[in-house]
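The values are calculated or read from the model by the stated rules, or taken from the named source; none is laboratory data. All figures in this text were calculated on a predicted structure; none of them were measured in a lab. Glycine gets a Cβ as well: all are built from the backbone with ideal geometry, and neighbour counts include every protein chain shown. Note: areas computed on protein heavy atoms with side chains; ligands, DNA, RNA excluded. Shrake-Rupley method; radii C 1.70, N 1.55, O 1.52, S 1.80 Å.
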Amino acid sequence: MEKKQWYMEYKIHKNRPGLLGDLASLLGMLEVNIITINGVEDRTRGLLLQTDDDEKIELLGKMLSKVENISLITLRPPRLTDILAIRHGTYIERDSSDGKTFRFTRSELGLLVDFLGELFKREGNQVIGLRGMPRVGKTESIIAGSVCANKRWAFVSSTLLRQTVRSQLSEEEMNPNNVFIIDGIVSTIRSNEKHYGLLQDIMDMPSTKVVEHPDIFVRESEYDYDLFDCIIELRNTPDEEITYENFTTAGLDDGF
């Protein structure tokens, strides 16, 4: 049987000496390999496991349910968020109401860049929305994520250095393997007919598109929220409100 990875997470009730060693010994006797291990948040530990026998994982779950010092929280094939939680020792906050909105703060830029990098490695079509107030680090995070994924990026519209509204891209830039960066405000409010035609061509491509200010993009265009595979929110502080009330066309040159 092919080797598969599993994500295991448990909560520690009594962190007695030797607890982790006992667990490692149990996994060793079952011949289940530990790929990665890390503390995740307070008194919770996550492990990335590997085995070629699913029955061993089922048996492991039953055995750990009888251990008093810990409570098994999760034992499943790993999701991207699980892998990153082990790698960074913290969870990615996820909106429970829609399941596809992920929240970050500026103090978690390293985690965000890693998250984007893993998303950008995926093949085929995907559209990612990125919400955030001015100068919070949206575009810089997209570029850094592209570097992590070893992908080239192409600005379709942007205000990173100065307002960019492209009406055409070179053949090299139109490579579907690139990451296309779109400013939702510039592309819908400050664009022209040629730019919008280019935008439609790119949205139809089987490639990765990242749309900054997705709410304005949806409000001012023919597209709707079903277009987005996931939406990321980036804030300076956890309680910062992302609002567009003060976004004016004159202010777009200030680095939105």
Counting pairwise Cα distances across the chain, what percent come out greater than 31 angstrom? 37
Using Cα pairs under 8 angstrom and six or more residues apart, how large is the relative contact order of segment 92-251, in percent? 34
If amide H atoms are built 1.01 Å from N in the plane of the peptide, which residues on other chains or at least 5 residues away come under 5 Å of the amide H of residue 231? 101, 102, 129
Take a quick pass over the chain and tell me how many lysine pairs come in under 21 angstrom between Cα atoms, counting only ones 8 or more apart or on separate chains. 21
Suppose we take every Cα in segment 99-158 and form the convex hull; what volume per residue is that in Å³? 98
Work out how much length residue 29 to residue 79 would gain on full extension: take 0.36 nm times their residue separation and subtract the Cα-Cα distance, in nm to one decimal. 15.4 nm
Report, in degrees rounded to the nearest 10, the 0 to 90 angle that the Cα long axis of helix 54-64 makes with the longest principal axis of the chain. 70
What is the P(r) of segment 1-68, as percent of Cα-Cα pairs per 5 Å bin from 0? 4, 15, 29, 29, 16, 6, 2, 0
Give me, ordered by chain and number, the residues 5 or more places off residue 179 or on other chains with an amide H under 5 Å from its own placed amide H. 152, 153, 154
The FRET efficiency for residue 56 and residue 168, from their Cβ-Cβ distance with R0 = 51 Å and rounded to 0.05, is 0.35
Roughly to the nearest percent, how much of the accessible area of segment 84-171 is carbon and sulfur, given a 1.4 Å probe? 46
With runs of 4+ DSSP H residues as the only contributors, calculate the mean residue ellipticity of the chain at 222 nm using -39,500 (n - 2.57) per run, divided by the residue total and rounded to the nearest 500. -8500 deg cm²/dmol
Segment 13-57 scanned against label point 7 Å out from residue 68 along Cα→C-beta; backbone N under 14 Å for 13-16
Ordered by residue, what ³J(HN,Hα) values in Hz, to whole numbers, does segment 189-201 give under the Karplus form 6.51 cos²θ - 1.76 cosθ + 1.60, where θ = phi - 60° and Gly and Pro are x? 9, 10, 9, 10, 5, 5, 5, 5, x, 4, 4, 4, 4
Using DSSP to define loop residues, name the GluC sites (Glu not before Pro) in segment 12-79 whose beta-carbon has at most 14 other beta-carbon atoms within 10 Å. 31, 41, 68
Viscosity 1.002 mPa s, temperature 20 °C: what is the translational diffusion coefficient of segment 142-188 from Stokes-Einstein with a Kirkwood Rh over Cα pairs, rounded to a whole number of µm²/s? 191
Mind checking the angle between helix 19-29 and the chain's longest principal axis? C-alpha axes, 0 to 90 degrees, to the nearest 10. 80
Checking segment 88-167 for GluC sites (Glu not before Pro) in a loop per DSSP with at most 14 other beta-carbon atoms within 10 Å yields 123
Under DSSP loop assignment and at most 15 Cβ neighbours within 10 Å, longest trypsin sites (Lys or Arg not before Pro)-free interval of the chain: 163-256
